[in-house]
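The values are calculated or read from the model by the stated rules, or taken from the named source; none is laboratory data. From a predicted model like this one, the values you see are computed outputs, not experimental measurements. Neighbour counts are summed over all protein chains in view; Cβ atoms, including those assigned to glycine, are modelled from backbone coordinates with ideal geometry.
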Amino acid sequence: MKKHKSHGGEPKGIKIILIGISVLFLVTMLILPLALIITQALGKGVRAYIEAITDHYTLKALQLTLLATITAVAANTLFGITAAWCITKFKFKGKQFLITLIDLPFSISPVIAGLIFVLIFGRNGLFYGLLEQFDVKIVFALPGIILATIFVTFPFVARELIPLMEAQGTDEEAAAASMGAGGFTIFWRITLPNIKWGLLYGIILCTARAMGEFGAVSVVSGHIRGKTNTLPLHIEILYSEYQFSAAFAVSSCLVMIAVIILILRNLVEWKAKKSR
Amino acid sequence: MAHKNSVVPGFRLTLGITLAYLSVIILIPLSSVFLKTADMGLREFIDAAFNKRVLHAYGVSFISAFLAASVNVIFGVLLAWVIVRYDFPFKRIMDGMIDLPFALPTSVAGIALTTLYSENGWIGSQLSKAGMKGSYTVFGITIALVFIGIPFVTRSVQPVLEDLDKGIEEASLMLGATRSQIFKKVILPELLSPILTGFSLAFARGVGEYGSVVFISGNMPMKTEIAPLLIMSKLEQFDYEGATAIAIVMLLVSFIMLLILNLLRRRTNKFLKE
């Protein structure tokens, strides 16, 4: 009968040790860095903190980050829905290959993602002559930053939607179509309500990555203060100028955003589980 | 399977948009790397892509990414196990926290870890008492990559572990198997495929990672210089050929490794199903 007791789990000792190691790991790897950011940010007092985060260049950088993030997330959301519709509602050759291509940016270094746009649009690039003629700047300007951000966050929404829509099948859509509903109506009335939590989840992940992207944006930005500097790049500049508490003050704002994103993520996941 | 194309509308439109967007954002830009390489002479390419300093940087990048992904396999499985199987206070918070490295900008992580592991940092000062150095070493780089990779293995293992049929474990227990036997023979084989997925995602991310590593690595040539940083510094000197040559080697190696890992995963899946 003794065996019966330990039925569902390990002996208590092992359980406590395993939980202890996990907690220790997370505390050293995740909580200590966060605690450090907060203490360093406030290291020079509250006034210096507020000065750092309301600094002209910080606000400019925030503006740019928001603009690039919103554009990239909107573009990739539209694309993600379109691609997921195409991949899950129809059968065609090369589907698996298409999915692999969509996932490609995950295995490419952000620095290389920046490099390819410099190679195409930068000096000596393929389209440089053409851009010069029309006086359009892409690299070291806003369009380059947006393009690089789009590249890096390309798969997030599509990747979240494809398995979800695959699992839901096409019966409901086919029924609506045979009753004469148009494509857009079908999507709006039938597909969207079914995928809304998954979609939101993808958008949250995409936003998080877009806001924090550093490597790719760093290559194409040119680091012009007040013009092509995003928040993560601004932090680097402050840090390399030994303005540590300012760098950590700006960082602490991004930590807050990250925590909000995490809470939203968990909320959406919980809602999605409940609605199933 | 009766009809190839369903009655649902929009096939041509969505496929068209998907392919067009994919080409403009991914395929055409990516092809520039290959075009640029084709322009270079072979001699020139080998000099740029395989000189001593560059070879050392590949070494640092791939080795530290491999080590970090391996550490993440161990802790990832442990975290997934603890979260799925046990109940304890603050479990929900712990579960939610695991995604922090996804949500936190890499440059923020970079400066925080560098300060933490520098000689006067909270952890670095403890390490230096033991005669070790954190920041500005390959060890430091690995720490940053472990941080970045925490969610990958945990999040791929977790759902599989949740779906695992506990009946089999109970049956094995009844039949007299020990706990470690059950883990090795019943649970681990099921987890192999998600572990490989998580490992390859963490590894790919680690090899290419830039933001969190540049600060903690110290960027000393032939010591702690990583390959993405070399691309960056070549670009700053307008040496586009040099940057491209390194990029193409990294791309090819990553693709080959992902291919191998994919094959390996397909094999373990097949093996398990038989």
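For the reader, a short list of remarks on this structure follows.
- Screening the candidates B:SER193, B:SER200, B:SER135, B:SER118 for the property of being closer than 30 Å to A:PHE117 by Cβ, crowded, with 18+ Cβ neighbours inside 10 Å and of a type in the set (S, T, N, Q) yields one hit, B:SER200.
- Residue check for A:ILE263: loosely packed, with under 14 Cβ neighbours inside 10 Å, without any contact (Cβ under 8 Å) to a residue 60 or more places away in the chain and either touching a strand residue (DSSP E or B) at 6+ places or on another chain (Cβ under 9 Å) or closer than 30 Å to B:ILE93 by Cβ (or both): yes
- Meets criteria (in the same structural domain as B:GLU119 (by TED's automatic domain parsing), of a type in the set (D, E, K, R) and outside any helix (DSSP H, G or I)) for B:GLU225: yes
- Near pairs, Cβ below 6 angstrom, 6+ apart or cross-chain, from the range A:107-119 (at the interface with another protein chain (Cβ under 7 Å from one of its Cβ atoms) and surrounded by 24 or more Cβ atoms within 10 Å (Cβ to Cβ)) to any residue that is at pLDDT 90 or above and not in a helix (DSSP H, G or I): A:PRO110/B:TYR210; A:VAL111/B:TYR210
- Qualifying residue in the range A:217-227 (condition: under 25 Å from B:LEU113 (Cα atoms), at the interface with chain B (Cβ under 10 Å from one of its Cβ atoms) and among the aliphatic types (A, V, I, L, M)): yes
- Residue within the range A:202-222 that is surrounded by fewer than 24 Cβ atoms within 10 Å (Cβ to Cβ), more than 27 Å from A:ILE31 (Cβ to Cβ) and among the hydrophobic types (A, V, I, L, M, F, W, C) present: yes
- With respect to (1) in contact with a helix residue (DSSP H, G or I) (Cβ under 8 Å, 6 or more places away or on another chain); (2) in a helix (DSSP H, G or I); (3) over 23 Å from B:PRO29 (Cα atoms); (4) within 13 Å of chain A (Cβ to nearest Cβ), the lone exception for B:ASN219 is condition (2).
- Residue match in the range B:152-163 (condition: among the aromatic types (Phe, Trp, Tyr), surrounded by 13 or more Cβ atoms within 10 Å (Cβ to Cβ) and part of a loop (DSSP other than H, G, I, E, B)): no
- Residue satisfying all of: in the range A:224-245; of a type in the set (Gly, Ala, Ser) and at negative phi; surrounded by the fewest Cβ atoms within 10 Å (Cβ to Cβ) among these: A:SER240
- Residue match in the range B:168-180 (condition: crowded, with 16+ Cβ neighbours inside 10 Å and not in a helix (DSSP H, G or I)): yes
- Hey, B:PHE238 outside any helix (DSSP H, G or I) and of a type outside the set (Lys, Arg) or not: yes
- Screening the candidates A:ILE81, A:ILE102, A:ILE31, A:ILE70 for the property of being assigned to a helix (DSSP H, G or I), in the same structural domain as A:SER252 (by TED's automatic domain parsing) and under 30 Å from A:SER245 (Cα atoms) yields one hit, A:ILE70.
- Residues in the range B:181-213 that are aromatic (Phe, Trp, Tyr) and part of a helix (DSSP H, G or I): B:PHE183, B:PHE199, B:PHE203.
- Of the residues examined, A:ASP55 is one that is surrounded by 15 or more Cβ atoms within 10 Å (Cβ to Cβ) and more than 7 Å from chain B (Cβ to nearest Cβ).
- Some residue of the range A:244-253 being in the same structural domain as A:ILE145 (by TED's automatic domain parsing), within 21 Å of B:ILE93 (Cα to Cα) and assigned to a helix (DSSP H, G or I): yes
Yes/no per residue for (1) within 9 Å of chain A (Cβ to nearest Cβ); (2) within 25 Å of B:ILE195 (Cβ to Cβ); (3) touching a residue at least 24 places away in the same chain (Cβ under 8 Å); (4) of a type in the set (Val, Ile, Thr):
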position: B:GLY206; (1), (2), (3), (4): no, yes, yes, no
position: B:GLY242; (1), (2), (3), (4): no, no, yes, no
position: B:LEU258; (1), (2), (3), (4): yes, yes, yes, no
position: B:LEU264; (1), (2), (3), (4): no, yes, yes, no
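- Filter result for A:ARG225 (more than 18 Å from A:ILE70 (Cα to Cα) and outside any helix (DSSP H, G or I)): yes
- Answer from A:THR82, A:THR77 - the residue that is crowded, with 19+ Cβ neighbours inside 10 Å and more than 9 Å from chain B (Cβ to nearest Cβ): A:THR77
- On the stretch given as the range B:178-225, residues that are more than 25 Å from B:MET257 (Cβ to Cβ) and either modelled with pLDDT of 90 or more or among the hydroxyl-bearing types (Ser, Thr, Tyr) (or both) total 3.
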